[in-house]
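K.L.:
Before I ask anything, here is the structure I am working with.
The values are calculated or read from the model by the stated rules, or taken from the named source; none is laboratory data. The structure presented is a predicted model; accordingly, all values stated were derived computationally and were not measured. Cβ coordinates were reconstructed from backbone atoms using ideal geometry, including for glycine residues, and neighbour counts include every protein chain displayed. Calculation scope for accessible area: heavy atoms of the full protein, side chains included, ligands and nucleic acids excluded. Shrake-Rupley method; radii C 1.70, N 1.55, O 1.52, S 1.80 Å.
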Amino acid sequence: MIRFVASDLDGTLLQNGAQQLPKEIYPMIRRLKELGILFAAASGRQYANMKLLFAPVLSDMAFICENGAMAVQDDRILYQDAFDHGLVQEIVKAVYEKEGAEFSCSTKDFYYVRPKSQGYIDLMTKTVKTNCRFIRDFSEIKEPCIKLAVYEEKGMSEESIRYWREKFSDRCTVVTSGFAWLDFIPFGTNKAKGIRKFQEILGIRPEECLVFGDEYNDIEMLKSVPYSFAMTHAKEGVRQAANYQTDRVEPVLEKLIAAKGDISRILDGKEKRCIQKNA
């Protein structure tokens, strides 16, 4: 029986660049709770932004934020990681100096940003609707940083990925988190850490958990439980990390609710067209 469900947002619940959740997800989260199944949003996004997305069901769910750097339930922080301040300064300066690159520095309540373009300001404040603190000098970064990200409007090319990994992968995890985003995360921080925290809190085993993801920052989470679903549009390495595939999250949740949490009832049978088992 499933007792915990975690889903990534961008590219998973939010597909094709969507910034609003499918309306059917809210009643699904409430119904899962009624069945004794806790739903958690597991994203690279900040908690403040995720609260806006899930406003109708905040008391019915939990959050794994900033790629696992923070976990929250009932507005209570369960744990919070932090970067070395010197490394933060080095990364943000390197991003700021690189042509076409913008940074965000995540804290518990807001992002530090030093935008170089109006387009990035609009993206962060109007499209994604994040809480931002604009700075003019890097010395203004005072709050503990729990995640850093670099944004490249034209997309995160393989060349850029290599560039950032060569510069910083010996001191932190460097992982893509979307078409135009790459994240810098403290070693040991990932979404699977959040999954383990909720397993501890709920007193449940990995086989009582169901997770969904589509990007490389989801791989540890996908590998952490037997019932893991990659989106069919995900990159090959991400699909291989999961045990199952699906086009969308909602059909799987709909079947899980109908089966009252009995995962075996939705994984057996050729008629379950929304689910593909990886070899």
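K.L.:
Between a first residue in region 183-204 that is closer than 20 Å to Phe39 by Cβ and a second residue that is at pLDDT 95 or above and surrounded by fewer than 18 Cβ atoms within 10 Å (Cβ to Cβ), which pairs have beta carbons less than 6 Å apart while being 6 or more apart in sequence or on different chains?
P.N.:
Note: pairs meeting the criteria are Lys197/Leu78.
K.L.:
A follow-up question, please. Taking Met28, is it of a type outside the set (Lys, Arg), open to solvent by 60 Å² or more (accessible area, probe 1.4 Å) and under 19 Å from Ile266 (Cα atoms)? Explain how you work it out, then say what you get.
P.N.:
Working: of a type outside the set (Lys, Arg): yes; open to solvent by 60 Å² or more (accessible area, probe 1.4 Å): no; under 19 Å from Ile266 (Cα atoms): yes.
Answer is no for this residue.
K.L.:
Do we find a residue being more than 15 Å from Ala6 (Cα to Cα), in contact with a Ser or Thr (Cβ under 6 Å, 6 or more places away or on another chain) and either modelled with pLDDT of 95 or more or open to solvent by 10 Å² or more (accessible area, probe 1.4 Å) (or both) anywhere in region 211-218? I'd like the intermediate steps shown before the answer.
P.N.:
Going residue by residue through region 211-218, those that are more than 15 Å from Ala6 (Cα to Cα) are 216.
Subset that is in contact with a Ser or Thr (Cβ under 6 Å, 6 or more places away or on another chain): 216.
When the remaining residues are screened for being either modelled with pLDDT of 95 or more or open to solvent by 10 Å² or more (accessible area, probe 1.4 Å) (or both), the result is 216.
Yes: region 211-218 contains one or more residues that are more than 15 Å from Ala6 (Cα to Cα), in contact with a Ser or Thr (Cβ under 6 Å, 6 or more places away or on another chain) and either modelled with pLDDT of 95 or more or open to solvent by 10 Å² or more (accessible area, probe 1.4 Å) (or both).
K.L.:
Let me ask another. Output the residues belonging to region 94-112 that are under 23 Å from Leu53 (Cα atoms), among the β-branched types (Val, Ile, Thr) and modelled with pLDDT of 95 or more. Reasoning before the result, please.
P.N.:
First, pick out the residues of region 94-112 that are under 23 Å from Leu53 (Cα atoms): 103-112.
Still in the running and among the β-branched types (Val, Ile, Thr): 107.
Those that are under 23 Å from Leu53 (Cα atoms), among the β-branched types (Val, Ile, Thr) and modelled with pLDDT of 95 or more: none in region 94-112.
K.L.:
Which of the residues that make up region 70-104 are open to solvent by less than 10 Å² (accessible area, probe 1.4 Å) and either under 16 Å from the mean Cα position of the chain (by Cα) or among the basic types (Lys, Arg) (or both)? Before you say what the answer is, go through the steps one by one.
P.N.:
Initially, region 70-104 is screened for residues open to solvent by less than 10 Å² (accessible area, probe 1.4 Å), giving 70-72, 88, 91-92, 95, 101, 103-104.
Selection gives Met70, Ala71, Val72, Ser104.
K.L.:
I'd like to check something: does region 185-196 contain any residue that is open to solvent by 50 Å² or more (accessible area, probe 1.4 Å), of a type outside the set (Asp, Glu) and modelled with pLDDT of 95 or more?
P.N.:
Yes - at least one qualifying residue is present in region 185-196.
K.L.:
Just a yes or no: is a residue in region 223-233 touching a residue at least 60 places away in the same chain (Cβ under 8 Å) and surrounded by fewer than 19 Cβ atoms within 10 Å (Cβ to Cβ)? If you could, list the steps in order and put the result at the bottom.
P.N.:
First, the residues of region 223-233 that are touching a residue at least 60 places away in the same chain (Cβ under 8 Å): 227, 231, 233.
Checking which are surrounded by fewer than 19 Cβ atoms within 10 Å (Cβ to Cβ) leaves us with 233.
Scanning region 223-233 turns up at least one residue that is touching a residue at least 60 places away in the same chain (Cβ under 8 Å) and surrounded by fewer than 19 Cβ atoms within 10 Å (Cβ to Cβ).
K.L.:
Shifting gears a bit: Which residues, taken from region 219-233, are out of contact with any strand residue (DSSP E or B) (no Cβ under 8 Å at 6 or more places or on another chain) and either within 17 Å of Leu14 (Cβ to Cβ) or of a type in the set (S, T, N, Q) (or both)? Step through it out loud before you land on a result.
P.N.:
Going through region 219-233, the residues out of contact with any strand residue (DSSP E or B) (no Cβ under 8 Å at 6 or more places or on another chain) turn out to be 220, 223, 226, 233.
Passing the criteria: only His233.
K.L.:
Now for a separate question. Go through (1) open to solvent by 30 Å² or more (accessible area, probe 1.4 Å); (2) touching a residue at least 40 places away in the same chain (Cβ under 8 Å) for Glu152 and report which single condition fails.
P.N.:
(1)
K.L.:
If you check every pair at least six apart or on different chains, which have Cβ atoms under 8 Å apart with a residue in region 107-134 that is touching a residue at least 40 places away in the same chain (Cβ under 8 Å) first and a residue that is basic (Lys, Arg) second?
P.N.:
If the second residue must be basic (Lys, Arg), the pairs left are Phe110/Arg133; Tyr111/Arg133; Val128/Arg45; Thr130/Arg45.
K.L.:
With respect to Asn67, is the statement that it is under 16 Å from the mean Cα position of the chain (by Cα), buried (at least 16 other Cβ atoms within 10 Å of the Cβ) and over 17 Å from Val211 (Cβ atoms) true?
P.N.:
Details: under 16 Å from the mean Cα position of the chain (by Cα): yes; buried (at least 16 other Cβ atoms within 10 Å of the Cβ): yes; over 17 Å from Val211 (Cβ atoms): no.
For Asn67, the condition - under 16 Å from the mean Cα position of the chain (by Cα), buried (at least 16 other Cβ atoms within 10 Å of the Cβ) and over 17 Å from Val211 (Cβ atoms) - is not met.
K.L.:
Ok, one more. Is region 113-127 home to any residue that is of a type outside the set (Lys, Arg), in a strand (DSSP E or B), within 18 Å of Ile185 (Cα to Cα) and modelled with pLDDT of 95 or more?
P.N.:
Going through region 113-127, the residues of a type outside the set (Lys, Arg) turn out to be 113, 115, 117-125, 127.
Among the residues that remain, those that are also in a strand (DSSP E or B) are: 113.
Narrowing the set further to residues that are within 18 Å of Ile185 (Cα to Cα) leaves 113.
Adding the requirement that they be modelled with pLDDT of 95 or more leaves 113.
Scanning region 113-127, I find at least one residue that is of a type outside the set (Lys, Arg), in a strand (DSSP E or B), within 18 Å of Ile185 (Cα to Cα) and modelled with pLDDT of 95 or more, so the answer is yes.
K.L.:
If you don't mind, another one. Give the residues of region 128-168 that are outside any loop (DSSP other than H, G, I, E, B), closer than 20 Å to Phe179 by Cα and of a type in the set (Ser, Thr, Tyr), sorted by residue number.
P.N.:
Tyr151, Ser160, Tyr163
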